[in-house]
Amino acid sequence: MELWPWLTAALLLLLLLVQLSRSARFCAKITLYCALCLSASTVAAVICLLRHHGPTVENMRIIKWFVSKFKYIFGLRFETKGLQKLEVDHPCVIISNHQSILDMMGLMEALPERCVQIAKRELIFLGPVGLIMYLGGIFFINRQHSRTAMTVMADVGERMVRENLKVWIYPEGTRNDNGDLLPFKKGAFYLAIQTQVPVIPVIYSSFSSFYNPKTKLFSSGTIKVEVLDAIPTSGLTVADVPKLMDTCYQAMRTTFFRISKTPQENRATAGPGCQPAQ
């Protein structure tokens, strides 16, 4: 019995389902996104190993080249403002809001030279994705053990000064799609003050108009990205962490509302508060 007619019929049925069902389209696009991440990570890892033979911030150029092509597949457009503020020739801490798995595309759209990220330790076990993150020089922290996390952050501070690195951190600590910013954790601000480097906030507009897992929405859309002026930390001490955190939070939240152009009803109104060190 020929198998091809059945496979063809199944493929046609799948295509029809994707066209008629919003949930099917969402699942298909998420599956495609994950497949792209895995395949691009595998190819990029081979290139990184051949070119640099191990983990280094220089590999981020290769990773950025691959990920920056994803936007064309999903019909996403980025409108950026102030990216030149990230192209400084000294270490700094870059902070941004964190909304979904699509943030990786936004990250690579704005990523400056000699910049690495801080990520949760669990991500290193994601096969090729974890491998390419490791090869890109990303710092992994175990958020379940605060003492270990503090040790890693101390090492990050030493290396960023010694190797002239920029460090990108999501101070909310987790993805958030509630139409507002979550309270910030303190880790990024401790790091900036301890190393006496400036903090540069980066804000991405809300994805809700084109991406919403709750309603199974995943369409094309425009993401606005705005980089704010650097906030200096020279002369600040650990006692200034709450004030620095609040200054960054309020500036980013105001900008988020402005560039997102979404109703502000039902949004959290609490300030950043005190959170455990990231």
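Okay, here's what the table says:
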| read-out | value |
| --- | --- |
| Extended-chain gain in nm, criterion 0.36 nm per residue less alpha-carbon gap, R258 and E113 | 49.4 nm |
| Peptide ranges 88-98, 184-194, 152-162 listed from the most packed, as the mean C-beta count within 10 angstrom indicates | 184-194, 88-98, 152-162 |
| Estimated distance in nm for a label pair at Q250 and S23, the labels positioned 7 Å out from Cα along Cα-to-Cβ | 4.5 nm |
| Apportionment of accessible area to carbon and sulfur, the stretch 22-262, percent (1.4 Å) | 58 percent |
| Whichever aspartates and glutamates have a C-alpha closer than 19 Å to that of K216, once near sequence neighbours (fewer than 8 apart) are set aside | D103, D177 |
| Two-decimal log10 I(q)/I(0) for the stretch 22-262, as the Debye equation yields it once each C-alpha is a single scatterer, q = 0.07, 0.12 Å⁻¹ | -0.22, -0.68 |
| Kirkwood estimate for the stretch 136-256, i.e. one over the average of 1/r between Cα atoms, Å | 16.0 Å |
| Inter-label distance for S100 and Q196, nm, one decimal - labels placed 7 Å from Cα along Cα-to-Cβ | 4.3 nm |
| Spin-label pair S219/L36, simplified geometry with 7 Å Cα→Cβ offset, distance in nm | 1.8 nm |
| Stretch gain in nm, segment D229-Q84, where the contour uses 0.36 nm per residue and the Cα spacing is subtracted | 51.2 nm |
| Pairs from K85/K120; K85/K185; K64/K85; K69/K166; K81/K185 whose Cα-Cα separation, in the structure shown, is over 21 Å | K85/K120; K85/K185; K69/K166; K81/K185 |
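The values are calculated or read from the model by the stated rules, or taken from the named source; none is laboratory data. Quick caveat, the model's predicted, so the values are computed rather than measured. We place every Cβ from the backbone using ideal geometry, glycine too, and count neighbours over all the protein chains shown. Side chains included, ligands, DNA and RNA excluded: accessible areas come from the protein's heavy atoms. Shrake-Rupley method; radii C 1.70, N 1.55, O 1.52, S 1.80 Å.
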